1. Restricting attention to the range 179-225, and to residues there that are polar (S, T, N, Q) and within 16 Å of the ligand (Cβ to nearest atom), which single residue is most open to solvent (accessible area, probe 1.4 Å)?
2. Somewhere in the range 270-279, is a residue within 12 Å of the ligand (Cβ to nearest atom) and open to solvent by 30 Å² or more (accessible area, probe 1.4 Å)?
3. Which one of these is within 30 Å of E411 (Cα to Cα), among the hydroxyl-bearing types (S, T, Y) and either open to solvent by 10 Å² or more (accessible area, probe 1.4 Å) or within 16 Å of the ligand (Cβ to nearest atom) (or both): S298, S340?
4. Counting only residues that are closer than 30 Å to L323 by Cα and either among the charged types (D, E, K, R) or open to solvent by less than 30 Å² (accessible area, probe 1.4 Å) (or both), how many does the range 40-68 have?
5. Those residues that are crowded, with 24+ Cβ neighbours inside 10 Å and hydrophobic (A, V, I, L, M, F, W, C), I need them from the range 95-112; list them, please.
6. Checking T390 against (1) within 16 Å of the ligand (Cβ to nearest atom); (2) under 23 Å from F163 (Cβ atoms): exactly one of these is not met. Which one?
7. Please state which of the following conditions D330 fails to meet, knowing it meets all the rest: (1) surrounded by fewer than 20 Cβ atoms within 10 Å (Cβ to Cβ); (2) closer than 25 Å to M466 by Cα.
8. On the basis of being in contact with a Cys (Cβ under 6 Å, 6 or more places away or on another chain) and within 16 Å of the ligand (Cβ to nearest atom), does V112 make the cut?
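The values are calculated or read from the model by the stated rules, or taken from the named source; none is laboratory data. Nothing here was measured: the structure is a model prediction, and the numbers come from that model. Every residue, glycine as well, gets a Cβ built from its backbone with ideal geometry; the counts of neighbours run over all protein chains shown. These accessible areas exclude ligands, DNA and RNA; they are computed on the full protein's heavy atoms, side chains included. Shrake-Rupley method; radii C 1.70, N 1.55, O 1.52, S 1.80 Å.
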Amino acid sequence: MTVIERPSIDFLTRPKRLFIGGEWVDGTDTFLTSDPATGEVLAEIPVAGPAQIDQAVEAARHAFDNGWRDMAPTERQRLIWGLGDLLDQHKDEFAVLEVLDNGKPLWEAELVDIALSIEILRYYAGWATKIHGDLLPNSIPGLISLRKREPIGVVGAIAPWNFPLLEIIYKLGPALAAGCTVVGKPATWTPLTTLRFAELVNEAGIPPGVINIVTGPGPEVGAAIASHPGIDKVAFTGQTSTGQEILRQAIPTLKRVSLELGGKSPNVVFADAHREAAMAGAFGGAFFNQGQACVAGSRLFVEDAIADEFAEELTEKAKGVCLGQGLNPDSQMGPLVSASHRETVKGHIATAAGGGAEIVAGGREAVVDGLEGGYFLEPTVVDRVTNDMTVAQEEIFGPVVSILRFTDWEELISLANDVRYGLAAGVWTSDVNKALKFADAVRAGTVWINTYGMFDVAVPFGGHKMSGFGGRELGEEALDAYLQPKSIWIDTEAVIPTQGQGISR
Ligand code: NAD
């Protein structure tokens, strides 16, 4: 495989700083971010200390109280739209940066990460002018009651590394449209696109302090955001265990929290499915983004009648995958995000093998010619998995798919739901009734029928059970997580309060 030289991107050579109150600020320390395809360092990134986090929160509060909250919605709409336009103008650079920092294939960064980020900004720009309250019917003569929907305030947005910029934008779009200001933190392995995005903020004319970006380790910088008394709401995406920690950190200040967490999604193939489509869905569902996707269809349930054939075909397909640098158009899959994450995934594979499952494809580190320092792992198919095995229960977050066989409906539903997560599910069948029955029965926030992994700005996304908490992302529903209701009463007839007590009821 040809090794593509790192493209020269001016941003990579510029010193990286925190973006606070519209200005570039030094951190207290630094860490390195590297290219997972080569292991080479890409840039030195600042760590925000407590003083800088306080400064970012103060800047966000000031911007909230002095302009952003009360700005004419048409103006807010124009500014958010402008930010989307700027991202669009620089989309090629952003896609390449995402590939370099995360390792994913370029087509994916272009079509998913960056294209969806642009669409989200434009979609929520439109919502800025459409958020409204209502006039509520009450039963008290002469009194009018109104419900306003107000922005919650300063939002802490904490993102994972698998869709680095996109996960920040998921939160930023609805937060800005609602009139909130933001302190955002990208994951430590993938900070580059978020820092580059911060450079567009002033250019777009967004007032200082509306968007602030701080970087650094989760247990320090993330925890400082989640526990900060000046932050009104935390929007978090990451592991379920970190989400639980965030909730604990938020308790003393009782801030609002929304959590998008892990998954272990069942992807079900019935014998009557369109075979080619189901195979593509099983493969893509498991290996998209190197399997580093919260919605990965990592539990592949195949009806017994076709299971041997299906497993064999999937195994061959996995063995044929071309691994390489994300910038190389021949690469079907890139490296995992880091050496330590690859070790974690390998640990899961070893546990599966030790527990009696069969590793029928992959399972080992892969060495790509010219990229010996990269964190590649062979796409892995694990067969003969039973639902009680760790490999069927724990989120692996790597290119590992487990095949589970089923024979009847009750067994399938009980197995599909017998997991602590409930993020997504897929079903492949030519029987529409069966598909809809499955969609009703499965405990998941999203169900894909004869497709997998579809997302759109207008369609809400989030998890049931331990996959989500406190709201949804995308669609109109995402706005709710950044708004709070306020009830207003007006006495139109100067009614004297009942018995002079100053209350009417
Ligand atoms: P993670 O929980 O390790 O980290 C997520 C973010 O939280 C990072 O910015 C990290 O620095 C920060 N963080 C870490 N420890 C913290 C702490 N103690 N306090 C505050 N912040 C802390 O998750 P990850 O490994 O970056 O991402 C992978 C996980 O994200 C997977 O479980 C995946 O399923 C999940 N995910 C979920 C969705 C969804 O929409 N449900 C989408 C993408 C990823």
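1. The initial filter retains those residues of the range 179-225 that are polar (S, T, N, Q), namely 181, 188, 190, 193-194, 202, 212, 215.
Next, from what is left, pick out any that are within 16 Å of the ligand (Cβ to nearest atom): 188, 190, 193-194, 212, 215.
Values: T188: 46, T190: 0, T193: 0, T194: 0, N212: 0, T215: 1 Å².
Across the range 179-225, the extreme among qualifying residues is T188.
2. The initial filter retains those residues of the range 270-279 that are within 12 Å of the ligand (Cβ to nearest atom), namely none.
Looking through the range 270-279, none of the residues is within 12 Å of the ligand (Cβ to nearest atom) and open to solvent by 30 Å² or more (accessible area, probe 1.4 Å).
3. On the way: S340 fails: within 30 Å of E411 (Cα to Cα).
The match here is S298.
4. From the range 40-68, those closer than 30 Å to L323 by Cα are 40-45; that's our starting set.
Remaining after also requiring either among the charged types (D, E, K, R) or open to solvent by less than 30 Å² (accessible area, probe 1.4 Å) (or both): 40, 42-45.
The total comes to 5.
5. A95, L97, V99, L100, A109
6. Condition not satisfied by T390: (2).
7. Answer for D330: the failing condition is (2).
8. Values: in contact with a Cys (Cβ under 6 Å, 6 or more places away or on another chain): no; within 16 Å of the ligand (Cβ to nearest atom): yes.
Against the criterion (in contact with a Cys (Cβ under 6 Å, 6 or more places away or on another chain) and within 16 Å of the ligand (Cβ to nearest atom)), V112 does not qualify.
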